[in-house]
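Each remark here refers to the structure printed beneath this line.
Taken together, the values in this text are just the output of simple stated rules run on the coordinates, not laboratory data. For clarity, every value in this text was computed on a predicted model and none was experimentally measured. FYI the Cβ positions are ideal-geometry reconstructions off the backbone, even for glycines, and counts take in every protein chain you see.
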Amino acid sequence: MAVLPLVVAPDPRLKKKALPVERVDDTIRKQMDDMLETMYAENGMGLAAPQVGLSNRVIVMDIARKEEAPKIFKMANPEIVWESPEIKSYEEGCLSVPEYYAEVERPATVKIRFIDYENEIREIEADGVLAVCVQHEIDHLNGVLFIDHLSSLKRNIITRKLVKAKKTAAEPVAS
Ligand code: K1U
Ligand code: ZN
């Protein structure tokens with residue numbers, strides 16, 4: 001397994017719609033395993049393929065708390081097939097938008113259809129933190145970041161700071 005380099009916003013790779021996977025074979029299984037290792041290395045609870053520069057519809061999640069046994073999900077082509085009218089707000093973060101957090105409103109419960117690690121089509125109902133995380137990751141597959149759910153004023157402030165942080169990181173260190 002390998003830890004892959006993370007794509008940090010702003011980056012055009014995070015704005016592209018990812019392409020469906022034809023089937024979950026050994027290549028996609030390795031991608032899922034590498035993404036899970038990358039997610040753990042970055043202390044995340046989810047990761048989508050565009051965040052590691054891959055433009056296919058693959059996501060991984062582990063929604064367990066620190067002291068709990070792992071609750072791992074590896075999904076290809078996840079799609080929301082039903083969403084509840086009830087809306088909930090949750091403070092979201094993003095490995096590709098480091099150091100910023102904001103409340104985002106989303107459907108409280110969703111039904112997800114996806115292809116699993118064994119290439120079987122499955123459906124699950126998700127609520128709580130799983131519902132938040134899976135919707136956040138599916139957004140990534142559609143080129144949407146959590147800051148796109150905020151007002152344009154808040155989004156522009158964060159984007160300007162991200163551009164500045166990238167410029168500073170690229171500057172040579174003065175000797
Ligand atoms: O997709 C990502 O960038 C991963 C992201 C998932 C996510 C976190 C919180 C709400 C919605 C979606 C992260 O894991 S960011 C890191 C983080 O904030 C966090 C990590 C572990 C547990 C709780 C939050
Ligand atoms: Zn994210």
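What do you reckon, is Tyr117 within 14 Å of ligand 1 (Cβ to nearest atom), of a type in the set (Phe, Trp, Tyr) and over 11 Å from the mean Cα position of the chain (by Cα)?
Details: within 14 Å of ligand 1 (Cβ to nearest atom): no; of a type in the set (Phe, Trp, Tyr): yes; over 11 Å from the mean Cα position of the chain (by Cα): yes.
Answer is no for this residue.
Taking into account only those residues within segment 126-150 that are of a type in the set (D, E, K, R) and within 15 Å of ligand 2 (Cβ to nearest atom), which is farthest from Asp33 (Cα to Cα)? It would help to see each step written out before you state the result.
Going residue by residue through segment 126-150, those that are of a type in the set (D, E, K, R) are 127, 137, 139, 148.
Next, from what is left, pick out any that are within 15 Å of ligand 2 (Cβ to nearest atom): 137, 139, 148.
On the way: Glu137: 16, Asp139: 21, Asp148: 28 Å.
Ranking the candidates gives Asp148 first.
Scanning for something surrounded by 18 or more Cβ atoms within 10 Å (Cβ to Cβ) and either aromatic (Phe, Trp, Tyr) or within 12 Å of ligand 2 (Cβ to nearest atom) (or both), does segment 151-174 turn up at least one residue?
No - not one qualifying residue is present in segment 151-174.
When you scan segment 77-96, how many residues do you find that are touching a helix residue (DSSP H, G or I) at 6+ places or on another chain (Cβ under 6 Å) and either more than 15 Å from Leu145 (Cα to Cα) or more than 8 Å from ligand 1 (Cβ to nearest atom) (or both)?
1
Failed condition for Tyr101, given (1) closer than 30 Å to Lys167 by Cα; (2) out of contact with any Ser or Thr (no Cβ under 9 Å at 6 or more places or on another chain); (3) touching a residue at least 12 places away in the same chain (Cβ under 8 Å), with all others met?
(3)
Considering only segment 12-50, state which residues are surrounded by fewer than 17 Cβ atoms within 10 Å (Cβ to Cβ), away from ligand 2 (no atom under 16 Å from the Cβ) and part of a loop (DSSP other than H, G, I, E, B).
Passing the criteria: Pro20, Glu22, Arg23, Asp25.
Only residues that are small (Gly, Ala, Ser) and within 11 Å of ligand 1 (Cβ to nearest atom): list them for segment 97-114, please. Walk me through it before giving the result.
Within segment 97-114, the first condition is being small (Gly, Ala, Ser), and the residues that meet it are 102, 108.
Ala102 - this is the single residue of segment 97-114 that is small (Gly, Ala, Ser) and within 11 Å of ligand 1 (Cβ to nearest atom).
Hey, among Glu123, Glu118, Glu99, Glu105, which residue is within 15 Å of ligand 2 (Cβ to nearest atom) and either more than 27 Å from Asn56 (Cα to Cα) or of a type in the set (D, E, K, R) (or both)? Write out each step before concluding.
Working: Glu123 fails: within 15 Å of ligand 2 (Cβ to nearest atom); Glu118 fails: within 15 Å of ligand 2 (Cβ to nearest atom); Glu105 fails: within 15 Å of ligand 2 (Cβ to nearest atom).
Exactly one of Glu123, Glu118, Glu99, Glu105 is within 15 Å of ligand 2 (Cβ to nearest atom) and either more than 27 Å from Asn56 (Cα to Cα) or of a type in the set (D, E, K, R) (or both), namely Glu99.
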